[in-house]
Amino acid sequence: MKLRGGYNIFLQGRPGSTIKAMPEPKTLYLPLSSKRFRFSAIHVADGQDVALGDVLATDPNNYDVPLLAPRAGSVRLGQVEDTVVLENIAKSQEYADTNGRMEEVQHVERTFGAAGAQRRRLMMLGAWQFLHEAHSGRLPDPLGTPQAVLVSTLSLEPFTARGDVQLQARLLNFTRGLEHLQSLLEYQPIYFVLPDIKSEFASIVRNHIRGYASVKMVELPLTYPYDDFAVLARSLGLSSGNGPVWALRTEGVLAVDRALTAGKPCVTRIISIGGTGVVSPGHLRVVSGYPLKCITDKHVFEPHPRIINGGIMTGEAFGPGALGIDTECRGITVLPELQEREFLGFMRPGSERSSYWPCFLSSMVQRFAERLTTAMRGERRPCISCNACEEVCPAGISPHLIHKYLYRDLVEEAAAARVDLCVECGLCSYVCPSKIDLRAQFVEAKNGIAREKAEMLETKARQESTEEVNA
Amino acid sequence: MKLLLRVVEKIRPHFEEGGKFHAFLPVYDAIEHFLFAPGTITTTAPHVRDPIDLKRFMSMVIVALLPCVATGIYFFGLRFIALIVVSYAAGLSVEALFSIVRKEPINEGFFVTGFLFPLIMPPAVPLWMVALGVAFGVVIGKELFGGTGRNLFNPALVGRCFLALAYPVQMSGSWLKPGAGVAGRLLQYVDGSNVDAVTSATPLALAKGGEYVSLSHMFVGSVSGSVGETSALAILAGGMFLLLTRVANWRTVASILISFTALAAMLHHAQPDRFGPALWHLCAGGLLFGAFFMATDPVTGPITSGGKWLYGALIGVVTVLIRNFTGYVEGVTFAILLGNIFAPILDEMVFALRLRRLKVEG
Ligand code: SF4
Ligand code: SF4
């Protein structure tokens, strides 16, 4: 296993190991788009009553992955933009009648065998969306064959829901979920990633999974972002040329267990609430669509907060129109917006600033958690070629080089320098003394290159079809 | 401080778009942000950033130079302070002028250049030459390339190189004998008119005639030479600090010192009476200062580790060659400028190798 770069940022507000259930909501706001999905095909009508587990919408570009109703209630469409609102949430938690859809499962079973039917079931019960294609980060094809499966219990980005907390709470379900996963595969290995495979907890887990020949335990240092699926896959030598790699986290394995053991829809999620601006950082059990306001009212004390969907490194700030938790949310991070300007800030000894650079007094004391704000902490300058971005980059590319190419609009050179390998971890932007937004630039460039490629394929296909017609 | 901040914020509109002094915004910005950290916030992920910025980065170099400044004043007198003031004044004017024309913020890089430049000057150099040299260095060595970050050459070295070529007589006639006695020249102001103090005999010049100044003098710095370059002790103290803060990369320094020492030792071994001992050469002239403070400038050196090793080796070897086989007594300036030219090429080579390896990955 070969790992590069990485760096741990310590800051205040790490979620503790408690999981609190949030009170039942009165209204749910289900966003129709999230990081990977756009549920553009709506399956319900305004005013319609739905049961728990009913399909509200699907994403036609992602193998029709469904957006499930987390509770029974009546649907309101068009009330809030890009959101399905569920009103009059019923207290009882009865499941939708899945008989109709089970026929479809039986049909799939006849065509693709038992494993195919199971995958179909995972998809219909909302568990499939916990899977990622390790290299591209997209939803994997449910009928595809992976070369391997990665199961990671780590979540190293500050602050997303901690896998270890969920694992310790539900170890039995977890091992059963692993078993189910194995039954979906033929002989492909499952890499099970733990921070310390010699720990007591690890040996308990090992006892539980003794019989599973294809599960291999892998140890990973607790350095951000070694838990990133693409970094993991590359360090395990799983190249994207040899087929897809499926990857999922603790919550994914638990969802697989829920769907295949109990046959219940997976609509609850464990999310974290952490960051400098939170009263008591911890974990929350919520359903998707849970009103954001209920959460922030209870936990955020900061007068000028920035509320982020996800962690501080890769998350996006919630827009003013965001009302509910989306189906992919893993945590809410709250940071105070910068308010004060420091007098002669750069001259201070800096014993209270923890930095990647040993240029502050803090480098002589133990690492500590800092109270961070959203301050840029410096001015934007041209790159000074300090190489820090490359040192921390887990993808083994040269961010400064790509930056210089993109600055001059040399997209092809940037592609040759493998900007596509960037896992968008954000460490380069974090350490850069010139405060260059490297990550944002790369995300844009990657999207541009992907779009161009897609367009090229399309024109090519169109040309071919016209040629056919002509012939 | 609250009051000052309020004042600053009140004046600001005059310099902003539509204000009376809008053209001077870069100058105002520099002053404001020197006093108060800017209030910018992140707009994209990552939402938090490291406390390091260029101001801090460059301050580290200035702190590291303080021992050299102290020995400079001790051995060559208070006039050195005038040198620094002139260098800053002249350089900053040029820098500000270019910032105003280009409508770009003033870059912190100059604060290092303005400090480095007087340190590599002969102590009795006329003040107008300091001003001319630093202005030349900043304009030709930096601004023409687009400012700090885009410059090919180390601006301080360009300035010095220019003076050495344009005014060789004045330059070589401006060395001072170091102050003797406990107080050194701490309380003296010595310029070129003081005939007693002026000398033309730097250790390297004397060595051409086969006369070697004692190593202990050169280690402490009580020999004639450029203000900041004589004391190996002070340079090592500051240099170590710079390496520990990782502002200077150890690879460059190590590579220069190793290659230089190795080649000098080989020459000395071959012909002991023609070439001086390696350790003596190491402490003589501007080699240590150049290795720790000039070659390690991240902008003008290579960025890759491989490039740094090659770059250092090039500088070390060329310095030995110039010192021992040409009419020049000192070669560090030329060697580093030559290295600056090669730095992008060395990087290019390393990148080409790396891209070939990356091609098959993922
Ligand atoms: S280039 Fe991409 S992978 Fe590398 S540090 Fe930056 S964001 Fe992370
Ligand atoms: S960290 Fe920033 S300044 Fe340093 S090399 Fe990378 S892009 Fe340039």
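The values are calculated or read from the model by the stated rules, or taken from the named source; none is laboratory data. Bear in mind that the values here come from a model prediction, so they are computed numbers and not experimental data. Ideal geometry is used to build each Cβ from the backbone, glycine not excepted, and the neighbour counts take in all protein chains shown.
Within segment B:134-159, the residues that satisfy the criterion of being assigned to a helix (DSSP H, G or I) and under 13 Å from the mean Cα position of the chain (by Cα) are B:V134, B:G137, B:V138, B:G141, B:P155, B:A156, B:L157, B:V158, B:G159.
Here B:S174 meets each of (1) surrounded by fewer than 21 Cβ atoms within 10 Å (Cβ to Cβ); (2) more than 14 Å from chain A (Cβ to nearest Cβ) with one exception, condition (1). Can you tell me how many residues within segment A:392-405 are more than 10 Å from chain B (Cβ to nearest Cβ) and among the hydroxyl-bearing types (S, T, Y)? Looking only at that region, the number is 1. Any residue that is more than 7 Å from chain B (Cβ to nearest Cβ) and among the hydroxyl-bearing types (S, T, Y) - is there at least one of those in segment A:381-391? No.
Among the residues of segment B:1-44, which ones are of a type in the set (D, E) and within 13 Å of another protein chain (Cβ to nearest Cβ)? Residues satisfying the conditions are B:E9, B:D29, B:E32. In segment B:227-250, the residue that is surrounded by the fewest Cβ atoms within 10 Å (Cβ to Cβ) out of those that are in contact with a Leu (Cβ under 7 Å, 6 or more places away or on another chain) and within 14 Å of chain A (Cβ to nearest Cβ) is B:W250. Taken together, the residues in segment A:357-369 that are closer than 21 Å to B:F36 by Cα and either outside any helix (DSSP H, G or I) or within 16 Å of ligand 1 (Cβ to nearest atom) (or both) amount to 2. A:V423 meets all of the listed conditions (1) within 14 Å of ligand 2 (Cβ to nearest atom); (2) touching a Pro at 6+ places or on another chain (Cβ under 8 Å) but one, namely (1). Listed by first and then second residue, the pairs linking a residue in segment B:351-362 that is in a helix (DSSP H, G or I) to a residue that is at pLDDT 85 or above, with Cβ atoms under 6 Å apart and 6 or more places separating them unless they lie on different chains, are B:L358/A:R418. Filtering segment B:45-59 for residues that are within 14 Å of another protein chain (Cβ to nearest Cβ), part of a helix (DSSP H, G or I), out of contact with any Pro (no Cβ under 7 Å at 6 or more places or on another chain) and buried (at least 24 other Cβ atoms within 10 Å of the Cβ) leaves a non-empty set.
Regarding A:E352, is this residue part of a loop (DSSP other than H, G, I, E, B), over 28 Å from A:H283 (Cβ atoms) and facing chain B (nearest Cβ under 7 Å)? No.
Only one entry of B:G137, B:G133, B:G192 meets the criterion of being in contact with a helix residue (DSSP H, G or I) (Cβ under 9 Å, 6 or more places away or on another chain) and either in contact (Cβ under 8 Å) with a residue 60 or more places away in the chain or within 14 Å of chain A (Cβ to nearest Cβ) (or both), and that entry is B:G192. Every condition in (1) touching a residue at least 24 places away in the same chain (Cβ under 8 Å); (2) buried (at least 16 other Cβ atoms within 10 Å of the Cβ) holds for B:A23 except the one numbered (2).
Applying a threshold of 7 Å to beta carbon distances and a minimum spacing of six or more residues, or different chains, the list of pairs starting in segment B:289-316 at a residue that is outside the structural domain of B:M121 (by TED's automatic domain parsing) and under 17 Å from B:A262 (Cβ atoms) and ending at one that is among the small types (G, A, S) and in a loop (DSSP other than H, G, I, E, B) is empty. Of the residues making up segment B:99-111, those that are part of a helix (DSSP H, G or I), within 14 Å of chain A (Cβ to nearest Cβ) and surrounded by fewer than 24 Cβ atoms within 10 Å (Cβ to Cβ) are B:S99, B:R102, B:F111. Of the strands (runs of 3 or more DSSP E) lying entirely inside segment A:174-250, those carrying at least 2 residues that are under 17 Å from A:K2 (Cα atoms) and in contact with a helix residue (DSSP H, G or I) (Cβ under 9 Å, 6 or more places away or on another chain) are A:190-194, A:215-219. In the set (1) more than 14 Å from ligand 2 (Cβ to nearest atom); (2) part of a helix (DSSP H, G or I), A:T373 fails one condition alone, (2). For the condition away from every other protein chain (no Cβ under 14 Å) and either in contact with a helix residue (DSSP H, G or I) (Cβ under 9 Å, 6 or more places away or on another chain) or among the β-branched types (V, I, T) (or both), B:G147 does not qualify. Take the conditions (1) within 16 Å of ligand 2 (Cβ to nearest atom); (2) within 11 Å of chain B (Cβ to nearest Cβ); A:R408 misses just one of them, which is (2).
With respect to the numbered conditions (1) crowded, with 21+ Cβ neighbours inside 10 Å; (2) at negative phi; (3) within 11 Å of another protein chain (Cβ to nearest Cβ), which one is the sole condition not fulfilled by A:I332? With (1) crowded, with 21+ Cβ neighbours inside 10 Å; (2) at negative phi; (3) within 11 Å of another protein chain (Cβ to nearest Cβ) applied to A:I332, the lone miss is (3). Of the residues making up segment A:383-399, those that are near ligand 2 (Cβ under 8 Å from one of its atoms) and either in contact (Cβ under 8 Å) with a residue 60 or more places away in the chain or within 16 Å of B:V299 (Cβ to Cβ) (or both) are A:C383, A:I384, A:S385, A:C386, A:N387, A:A388, A:C389, A:E390.
Which residue, of B:F162, B:F115, is assigned to a helix (DSSP H, G or I), in contact (Cβ under 8 Å) with a residue 12 or more places away in the chain and within 18 Å of B:I84 (Cβ to Cβ)?
Only one candidate qualifies: B:F115.
Picking from residues in segment B:275-301 that are in contact with a Ser or Thr (Cβ under 7 Å, 6 or more places away or on another chain) and farther than 14 Å from B:S226 by Cα, the one that is surrounded by the fewest Cβ atoms within 10 Å (Cβ to Cβ) is B:A278. For segment A:335-349, the candidate set comprises residues that are outside any helix (DSSP H, G or I) and under 16 Å from B:V63 (Cβ atoms); within that set, the residue that is nearest to the other protein chains (Cβ to nearest Cβ) is A:L344. Residues in segment B:310-334 that are buried (at least 22 other Cβ atoms within 10 Å of the Cβ) and within 14 Å of B:L204 (Cβ to Cβ): B:T319, B:V320, B:R323, B:E330, B:G331, B:V332, B:T333.
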